[in-house]
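The structure under discussion appears below in the form of structure tokens.
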């Protein structure tokens, strides 16, 4: 009887190894001069394994945030099911912004610091400043689409939903930047996010 094939590394362990290897290399030789091959060699995994877990080199900086945005999408979806249960006569969209803010706070509570904190704190030594801003803009657009879509489904007008979704997403990314760059010990991300939402008048 043949022995069963050994199980591979757990997904989380392999991804963490890639993240650690990437951070080390970005600090040692800079982001631009670090290839995927360099990262996989340092991590001791194959190129196929890399792309099985990470879509692109730049995404290594954002794994925890991408996980958080996936959780935000899941968190907002059940709230849509409550639309038919609104109080009779309640204005369309009433309470929707509050629900969106609450979902963002839950997202912030669950967000692991991850590589993005190291990247924002060491952007110049790593040579990732430009890439960080481009990548942040993509995440902000994704968050805006999630939030705007939720607000529209809750009865907010198209224009207002687009504006509010963009504003809330901007507050979330601004809070993440500020929190990542804060000296240790950092305040909770939720505290920084609350200040950002208060600045919008949304909290």
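The values are calculated or read from the model by the stated rules, or taken from the named source; none is laboratory data. What you see is a predicted model; the values in this text were computed from it and never measured. Backbone-built Cβ (ideal geometry, glycine too); neighbour counts: all protein chains shown.
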If I ask for residues that are assigned to a loop (DSSP other than H, G, I, E, B) and within 25 Å of residue 163 (Cβ to Cβ), which ones from region 176-203 would you list? 201, 202, 203
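Conditions (1) modelled with pLDDT under 95; (2) in the same structural domain as residue 147 (by TED's automatic domain parsing); (3) under 24 Å from residue 122 (Cβ atoms); (4) over 23 Å from the mean Cα position of the chain (by Cα), marked per residue:
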residue: 21; (1), (2), (3), (4): no, no, yes, no
residue: 31; (1), (2), (3), (4): no, no, yes, no
residue: 38; (1), (2), (3), (4): no, no, yes, yes
residue: 71; (1), (2), (3), (4): no, yes, no, no
residue: 79; (1), (2), (3), (4): yes, yes, no, no
residue: 84; (1), (2), (3), (4): yes, yes, no, yes
residue: 88; (1), (2), (3), (4): yes, yes, no, yes
residue: 106; (1), (2), (3), (4): no, yes, no, no
Given (1) at pLDDT below 95; (2) over 17 Å from the mean Cα position of the chain (by Cα); (3) surrounded by 15 or more Cβ atoms within 10 Å (Cβ to Cβ), where does residue 149 come up short, assuming only one miss? (1)
Kindly establish whether residue 201 is modelled with pLDDT of 95 or more and surrounded by fewer than 21 Cβ atoms within 10 Å (Cβ to Cβ). no
Would region 142-149 turn up any residue that is over 20 Å from residue 71 (Cβ atoms) and without any contact (Cβ under 8 Å) to a residue 40 or more places away in the chain? no
